[in-house]
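Below: the structure, in structure tokens.
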Amino acid sequence: MLAPEPFLQPRGTPISIYFRIKTLSDLGHKVDLITYHLGEDVKIRNLEILRIPDIFFIKKVKIGPSLAKVPLDFLLFVKAFFQLTIKQYDLLISHEEAAWPGTILAIIWRMPHIYDMHSSLPDQLETFNFSHSKLLKKAFLGIEKYILKNSQALIVVCPDLLKKAEKAGCGKKAILLENFLEFKNQELSEQRIQKKRREFTPKGEKIVLYTGNFEPYQGIPLLLKAAAKIRDERVLFLLVGGSKANREKMGRKAKALGISNKVIFTGEVIPSEVPLFISIADVLVSPRLRGRNTPLKIYSFLKSGKPLVATNLWTHIQVLNPENSVLVDPNPQSLAEGICFALWNTEAQKRSRAAKELAEREYTYPRYLEKVSKALEKACNTH
């Protein structure tokens, strides 16, 4: 498996990769993961982590496309090439941009290849504001088309990517596998939940929770502007995640809006702690502004049974609808009104129950296992 990511770090794709490997292990397969030199080692049965050497002294890789990934991806390719010369494998699975060299290596070694498509490569250029070059986007479109055509099976994480695969004439080899698994937390007793809640709300305020990174596409400034429109002192905004630099930047923005007293930045927490924060929330919010993939957190939010407020954009409405969430226009006034509706209107509770029922029906581990098994069958039976 080729993963051009810091593994493991508390961010979307590495977490998704973790659960892919765990599932493969539970199905009885052994996995050699070739990945970056960055990240925390994890122990999964039948997993061996093979890291590229730290020869470029790169200590951090930001989310999305970056120039720092170019030399790291080259080393990833070299290590994969070397590994294939010393050991025989039955299957090669590639994530993100590693699918291009992964496809080529699979052809050379005449082995089946699965492209685990977490996002569209050309779309990433716009989502992360990396480049607006039409030539570069055209090149990425060509690379993506090559990968789709030459992979024996595809795993896509949202309906938007499934449509892309179908448009490329590859729909039959695609499996829609939403990223709905989450890290297990120790049993959350009511006592532990209330103790955690009191850390942030000594006066019993209502908690509006955001979890995730603070990259521009996530819409944190929009959330802060919405918070400024909610004058009720009984409402507290708890933002979990974000790098130190981004937290400081958003802290200054909150101060300028005059809401420092009602916004708390916790910093990054380990993934297994996120369910505890969700359990103390009264309302969950996803103010995302750009992107086409469904955010990883949406599935955890649905399972929680808590009212969910999200921007009425394609990134969300692939999964969300007015029956299971509160959808709002991507502007401060609409978001503020949506949060107030979720906090005080009993209709929001009805929608949150519908969301939980959906999650309990559709997003289960047996279904996840079944879909991974189907992807393996597609890859091996068509090669």
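Look at the stretch 29-44: where a residue is closer than 24 Å to I58 by Cα and a partner is of a type in the set (V, I, T) and at pLDDT below 95, sitting 6+ places away or on another chain with Cβ atoms under 7 Å, you get Y36/V61; L38/V61. Within the stretch 32-48, the residues that satisfy the criterion of being among the β-branched types (V, I, T) and surrounded by fewer than 19 Cβ atoms within 10 Å (Cβ to Cβ) are V42, I44. Only a single criterion out of (1) touching a residue at least 24 places away in the same chain (Cβ under 8 Å); (2) buried (at least 22 other Cβ atoms within 10 Å of the Cβ) is not satisfied by P330, namely (2).
Within the stretch 196-225, the set of residues being over 22 Å from A256 (Cβ atoms) and in contact with a Pro (Cβ under 8 Å, 6 or more places away or on another chain) comprises just one member, G212.
Looking only at the stretch 173-199, residues that are at pLDDT 95 or above and over 22 Å from K303 (Cβ atoms) come to 2 in all.
The rows are residues; the columns are (1) at pLDDT 95 or above; (2) farther than 24 Å from T311 by Cα; (3) touching a His at 6+ places or on another chain (Cβ under 7 Å); (4) aromatic (F, W, Y).
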| site | (1), (2), (3), (4) |
| --- | --- |
| K203 | no, yes, no, no |
| K206 | yes, no, no, no |
| Q218 | yes, no, no, no |
| S243 | no, no, no, no |
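Looking only at the stretch 87-98, count every residue that is without any contact (Cβ under 8 Å) to a residue 60 or more places away in the chain and either touching a His at 6+ places or on another chain (Cβ under 8 Å) or over 16 Å from L33 (Cβ atoms) (or both) and tell me the total. Within the stretch 87-98, residues that are without any contact (Cβ under 8 Å) to a residue 60 or more places away in the chain and either touching a His at 6+ places or on another chain (Cβ under 8 Å) or over 16 Å from L33 (Cβ atoms) (or both) number 1.
Yes or no, residue by residue, for (1) modelled with pLDDT under 95; (2) crowded, with 19+ Cβ neighbours inside 10 Å; (3) not β-branched (V, I, T):
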| position | (1), (2), (3) |
| --- | --- |
| T85 | no, no, no |
| I93 | no, yes, no |
| T103 | no, yes, no |
| A106 | no, yes, yes |
| R110 | no, no, yes |
| D116 | no, yes, yes |
| T127 | yes, yes, no |
| K137 | yes, no, yes |
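Which residue pairs have Cβ atoms under 8 Å apart, sit 6 or more places apart or on different chains, and have a first residue in the stretch 55-76 that is in contact (Cβ under 8 Å) with a residue 60 or more places away in the chain and at positive phi and a second that is part of a loop (DSSP other than H, G, I, E, B) and surrounded by 13 or more Cβ atoms within 10 Å (Cβ to Cβ)? From residues that are in contact (Cβ under 8 Å) with a residue 60 or more places away in the chain and at positive phi, the pairs are G64/F128; G64/F130; G64/E215. Residue pairs whose Cβ atoms lie under 6 Å apart, sitting 6 or more positions apart in sequence or on different chains, and linking a residue in the stretch 158-177 that is of a type in the set (V, I, T) to a partner that is part of a helix (DSSP H, G or I) and modelled with pLDDT of 95 or more, are I175/K371; I175/K374; I175/A375. Being in the same structural domain as R290 (by TED's automatic domain parsing) and closer than 22 Å to F301 by Cα is a condition met by no residue of the stretch 246-255.
Against the condition within 29 Å of K22 (Cα to Cα), among the basic types (K, R) and surrounded by fewer than 15 Cβ atoms within 10 Å (Cβ to Cβ), how does K350 come out, does it pass?
no
Screening I63, I34, I55 for residues that are within 19 Å of the chain's Cα centre (by Cα) and of a type outside the set (S, T, N, Q) leaves exactly one candidate, I63.
All conditions in (1) part of a helix (DSSP H, G or I); (2) not charged (D, E, K, R); (3) not assigned by TED's automatic domain parsing to the domain that holds K172 hold for V372, with the sole exception of (3).
For the stretch 296-314, enumerate the residues that are in contact (Cβ under 8 Å) with a residue 24 or more places away in the chain and out of contact with any Ser or Thr (no Cβ under 6 Å at 6 or more places or on another chain).
As a first pass, look at the stretch 296-314 and keep what is in contact (Cβ under 8 Å) with a residue 24 or more places away in the chain: 296-297, 299-311, 313-314.
Passing the criteria: L296, Y299, S300, F301, L302, K303, S304, V309, T311, L313, W314.
The values are calculated or read from the model by the stated rules, or taken from the named source; none is laboratory data. Worth saying up front: this structure is predicted, and the values here are computed from it rather than measured. Heads up, the Cβs are rebuilt from the backbone with ideal geometry, glycines too, and the neighbour counts pull from every protein chain shown.
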